[in-house]
Every structure is written in structure tokens, then in C-alpha cells.
């Protein structure tokens, strides 16, 4: 196993890693819309927060030597399913290979953000 850590994505806010490589598979932790340059939540609607999440995921993927095109599975968490369509619009800009996905609404996310996404990808 190899731990992935990049300063281009937010540092973990708990006892976990940004991602782990096991064999040729990358497992990311959930990314939320934190700007890694200042550690602050990006304010705005679901589109703005989703864009920041995708940039954070991209940084982790690149640090591990892979990309969105190699995503196998994503798990998406939304604070409000009424944001589903806008979330999908932003998500589709990045995950063009259309990996398998689960998307669920949850009562609350860390730091009260609107979305969180985790990825499994091939290296």
C-alpha cells in the first residue's frame, strides 16, 4: 500500500489519508469543497462547490499518476437531492468516461458543505 498526499488538495481533517494506492487501484477519501490554498470552504451554490470538489479530486488523481478517465467508481453525497441536476452538470464535465456511480442524499456533511465525492480509479 502507498499513501497519497498532495498539497494541491486539502489536507485530511481527520485520521485518514487523501488516498491509498493498493496494487494498481487508487481509493480516494471523500473530497469536499475546501480551497487547499487557504483551508476555507468555497462559498456558493452546488455548482461552485462541485467544481472545487472536482479540482481537489483532480489533484489527488494526478498525484497518484492517474486521471478522471481512469475512474472506475464514484460515490457522491449531496446535502439536498434538489441539487442533483446542477451537481450532474458539473460532474459530467470531469467524469467524461462515465464511471459507475452511487449518489445519495445525506442529512449532513463535514463542515456543512453541499457535496462530497470519493473515487476509485485505475493507476
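Here the strands (runs of 3 or more DSSP E) wholly within the range 1-82 that include at least 2 residues being more than 14 Å from the chain's Cα centre (by Cα) are 2-4, 19-22.
Could we say that residue 68 is surrounded by 13 or more Cβ atoms within 10 Å (Cβ to Cβ), more than 28 Å from residue 1 (Cβ to Cβ) and either touching a strand residue (DSSP E or B) at 6+ places or on another chain (Cβ under 7 Å) or touching a residue at least 12 places away in the same chain (Cβ under 8 Å) (or both) here? The answer is no for residue 68. Take the residues in the range 83-123 that are in a strand (DSSP E or B) and in contact (Cβ under 8 Å) with a residue 60 or more places away in the chain, then tell me which one is farthest from the chain's Cα centre (by Cα). Looking at residues that are in a strand (DSSP E or B) and in contact (Cβ under 8 Å) with a residue 60 or more places away in the chain, I get 122. Taken over the range 10-39, the criterion of being touching a strand residue (DSSP E or B) at 6+ places or on another chain (Cβ under 7 Å) and either over 20 Å from residue 108 (Cβ atoms) or surrounded by fewer than 17 Cβ atoms within 10 Å (Cβ to Cβ) (or both) is satisfied by 17, 18, 19, 20, 21, 24, 25, 26, 27, 28.
Bear in mind these aren't lab numbers, they're just calculated from the coordinates by the rules spelled out. Only a predicted model underlies this, so the values are computations on that prediction, with no experimental measurement involved. Neighbour counts are summed over all protein chains in view; Cβ atoms, including those assigned to glycine, are modelled from backbone coordinates with ideal geometry.
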